[in-house]
Amino acid sequence: MNAIARALDNCRSLHTSRNIADYKQAIAAHRAAADEAFRDHADVRELISSRADLIDAVLTAAWQQFVPSEQHYACLVAVGGYGRGELHPHSDIDLLVLLQRANEIPDDYNISGFITFLWDIGLNVGHSVRSIQQCRSAARQDITIVTNLMESRLVCGEARVFEAMRKRVGPDKIWPDKDFFAAKWAEQRERHEQFTNKEYNLEPNIKSSPGGLRDIQTIGWITKRHFAADDISMLLGRGVLTDSEFEQLRAGETFLWRIRYGLHMLSERPEDRLLFDHQRELATIFGYQNDGEGLAVEHMMQDYYRWAMTLHSLNDMLIQFFDDAIIRACEAETIREINTRFRVRNGYIEVCNQRVFEKKPSALIEIFQILARRESIQGVHANTQRLIRQSLHLIDDKFRADPKIQKRFIDLLRSKNKLARQLRRMNRYGVLGRYIPEFGKIVGKMQHDLFHVYTVDAHTMELIRVLRRFWYEEESKTFPIAAQIVKKLPKVELLYIAALFHDIAKGRGGDHSELGAEDARKFCQLFRFDENDTQLVTWLVKQHLLMSAVAQRQDLQDPNVIHKFAAEVGNQTSLDYLYALTVADINATNPTLWNSWRASLMRQLYFETKRALRRGLDQPADRQAAIDRTQEAALAKLATKGIGREAARQIWGQSNDEYFLRERANDIVWHVEAIIAHGDSTEPLVAIKESTGVQQQDGGTQIFIYTRDEDLLFAVITTALELLELSVLDARIFTSSQNYSLDTFVVLDEFGNKLGDDIERTEHIRSTLTEMLRDAASYPDAVRRRTPRQMKLFAIPTIVEIGLDDDSSHTVIEVVTADRPGLLAVLGRIFSEFKLKLISAKIATLGERVEDIFYVTDHNDQAIFDTDLCEQIKQAIERQLDEAVRSSSQ
């Protein structure tokens, strides 16, 4: 800190100089010394205070050069954050040039020269020039001006003018207490709504997000107005804020200040967004370490999210206190007794006395039961929120093992009203993490990627909210199967328990599904569930990823796939529970993840499995019988369109059995009609229609391509589709005996939607594909599209696994890599280099990562058994994809 002190002394000696370089040098020296001290873990409060002192010295020196000291008409005032004495490295320096009277500026006052000089020496200055009366008029109209002036302080100039302004423009003079509070509260609600009232954005704004610095400042402004206090500490001893809560506010503010200082330092500009670019570097500066429970950046962000939740909760509680003290102070109270423990005061539930939880600890669960049963209750009174937090120590092993308390918790899970809201309250107040200690460990835990957009606890709460949506009539169109299923589940509480535990072991190392299943088993045993219920919950947690993996990564047309999945599920009840949990899990992981294609895959797997279970697991579907059924169904439909069996079989004669196993009868009819209509033309055939899925409205858009097979055909098609901003979800590739390719690609547009009835765009896609296929040899080698900023930060090394499918008829290549433009085209070229025939592809994009599966054979239609060749293919894919990622990140 000695270097900082020396830099300050240098600035104070500048009052005789107008040399811009002298000022710049002094400011730069102070910043360098402060940044070095910050990296050495100096007290951030001292650093930002020192920055304000520096600017005071610079402004005072500059003011003396442009404003004669013998004049007494004006002064320089710091407002806003600078007025509070809080300046981060690149914070705006908000100034008020305060005049005694308007237009009373002597000729030798060079105000414009002063401001220009400040810009010339590199200060980011925001300023206004107002008289005392103009300040008063502006403050009456704008609440933000009031709050700026509330925090004003004199930097230099005539103190008498400043004091006159403070006397005339104080908020108590121009803004009634109720109006001021109502305006600041409305301002906060509007700000929170911009962030969907959530603290856990992947790249949070540490100033404006819920639980951010602005929430603390809002409490400070209301405190100053209502209590005429200079600091939040003045709330102590007034029954509003306890010592421990004040320490939490201070510690949380200090944590956020450290992050904000670091953001300014690293970005070299005013930056309040905790972007991925800086998260990792800040974690290193702060001394976080990678370990078996997560990355250093994940530990830092967990601390951030926990502080944001704490500060948001304290803000909510204090706002409610102010609401009672300011808005409702003169209103008549409405009190309704509920029982000897709780009552409702003005719409908020509260304890009847301060010893309720001490005398009857079960009331810590009972209060949430009552909230779930009585929709008219708006929330929990601030005093009771505080008492809940102060009583958390009562939730111990004895509490958890108490059968009566367990019954209350299960009754809560059976509630038909506001269950998700009550569990969120329990989480926010700390009750849920105490009652289920394993859950407490995941509060605020994040995964440093673009796929998981919520913290683990927030994702779990969102999952339960989605499960609750399945009961709503208006959601039956969005989730038709789930809406029917949940109403038939014998014990809905088992579904919610599985939801609470499905990700509870994340961050421990090892398989979180296995570890979470063991936690769930212990919980069920503690609650004395019977063996069947315990087995079901344990199985759901262990297999919560199974249905999604099978639906998105395996061939659902293959009877063997369905039979194997049905055998794992075992019965219809387990299937229903797993389907509901999986659909909710997908929707709660990332809002962009659920689309018509995934919905159709899940529906198809559900119905195919349901049929297999009805048929009986001892009677697996016959592969040849499935092929024969598809052919006969297609022939019958073609007959209604005037296309005879011979004409159809002549086209089919080019195809193998795999075609009839993996294509639906309706799609085969579409293919035959298109090929016949195409006639003898040598032009490539491109046909487009909506995918039928299980129901007509499901799936994606299908693009059917019939053309002569050649090297790089897959690369050409995928390049064209990417240039057309279409995402490939599924590809089914067939090559006929006459060397014609019958390829079907399922796609969605850049917004995750089907193409629908956009005839103009459909025709553009068809003509573009036809043109590129006509001259495939000249297609572009790479897709030239900008890689988004966030994705550039996640350079995932490519991982390739090569094996055989269940009957060893195909080689399966699984590729996990970073999502970048043109990756499918790169893979297509590699397949061509090794003379591999692509049979089908499953494409899954998960945030910044893709997990693609390709079924291939060699040029003789055989699976690849040569391990050396498999290793060469693996190395080629990993090398070329990693090179593509590095190139796109530059």
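Points worth noting:
- Angle in degrees between helix 823-833 and the longest Cα principal axis of the chain, rounded to the nearest 10: 40 degrees
- Peptides 472-485, 716-729, 323-336, 666-679 ranked from most to least packed, by the mean per-residue count of other Cβ atoms within 10 Å: 716-729, 666-679, 472-485, 323-336.
- Crossing angle, helix 159-169 versus the chain [Cα axis fit, 0-90 degrees, rounded to tens]: 60 degrees
- Candidate values (i) 35.9, 131; (ii) 33.6, 109; (iii) 28.4, 97, label of the one derived for Rg and Dmax of the Cα atoms in Å: (ii)
- Entry note, the chain: the mean residue ellipticity at 222 nm calculated from DSSP H runs of n ≥ 4, each adding -39500 (n - 2.57), is -17000 deg cm²/dmol after division by the residues and rounding to the nearest 500.
- Net charge over other residues, Cβ less than 11 angstrom from the Cβ of Arg328 (K, R count +1; D, E count -1): -2
- Across the stretch 805-890, the volume of the C-alpha convex hull divided among the residues equals 84 Å³ per residue.
- Under 15 Å from Lys173, Cα to Cα: aspartates and glutamates that are on another chain or at least 8 residues apart: Asp142, Glu163
- Shown here is the pair-distance distribution of the stretch 616-670: with all Cα-Cα distances grouped in 5 Å bins from zero up to the longest one, the shares run 4, 20, 29, 23, 12, 6, 4, 2, 0 percent.
- The convex hull drawn around the Cα atoms of the stretch 303-357, when projected onto a plane and averaged over every direction, covers 5.1 nm².
- With semi-axes defined as the square roots of five times the eigenvalues of the C-alpha gyration tensor, the equivalent ellipsoid of the stretch 713-771 measures 22, 13, 11 Å, largest first.
- Helix 213-227 axis versus longest C-alpha principal axis of the chain: approximately 40°, rounded to the nearest ten.
- Counted charge near Ile802, where neighbours are those whose Cβ lies closer than 9 Å (Asp, Glu -1; Lys, Arg +1): -2
- When His72, His264 are compared by accessible area at a 1.4 angstrom probe, the order from most to least is His72, His264.
- Relative contact order %, the stretch 292-399, counting alpha carbon pairs below 8 Å whose residues are six or more apart: 22 percent
- Estimated D of the stretch 574-693 in µm² per second, where Rh is the Kirkwood radius over Cα pairs and Stokes-Einstein applies at 10 °C, 1.306 mPa s: 93 µm²/s
- For the peptides 53-63, 519-529, the ranking by packing is 53-63, 519-529, with the highest mean count of neighbouring Cβ atoms within 10 Å listed first.
- Relative contact order of the chain, defined on C-alpha pairs under 8 angstrom at six or more residues apart (%): 6 percent
- Per residue accessible area in Å² of the chain, where ligands, DNA and RNA are left out and the probe is 1.4 Å: 43 Å²
- Sorting 498-510, 191-203 by their mean Cβ neighbour count within 10 Å, with the most densely packed peptide first, gives 498-510, 191-203.
- By accessible area, using a 1.4 Å probe on protein heavy atoms only, the chain has 46% of its surface on carbon and sulfur.
- Rg(Cα)/(2.2 N^0.38 Å) for the stretch 242-295, N = residue count: 1.35
- Of Lys198/Lys522; Lys445/Lys610; Lys198/Lys445; Lys360/Lys506; Lys542/Lys874, pairs whose Cα-Cα distance is over 25 Å: Lys198/Lys522; Lys445/Lys610; Lys360/Lys506; Lys542/Lys874
- All aspartates and glutamates inside 13 Å of Lys407 as judged from Cα atoms, apart from same-chain residues fewer than 8 positions distant: Glu366, Glu493
The values are calculated or read from the model by the stated rules, or taken from the named source; none is laboratory data. Remember, predicted model here, so these are calculated numbers, not experimental data. Every residue, glycine among them, receives a Cβ derived from its backbone with ideal geometry; neighbour counts consider all protein chains shown. SASA here: full protein model, heavy atoms, side chains in, ligands and nucleic acids out. Shrake-Rupley method; radii C 1.70, N 1.55, O 1.52, S 1.80 Å.
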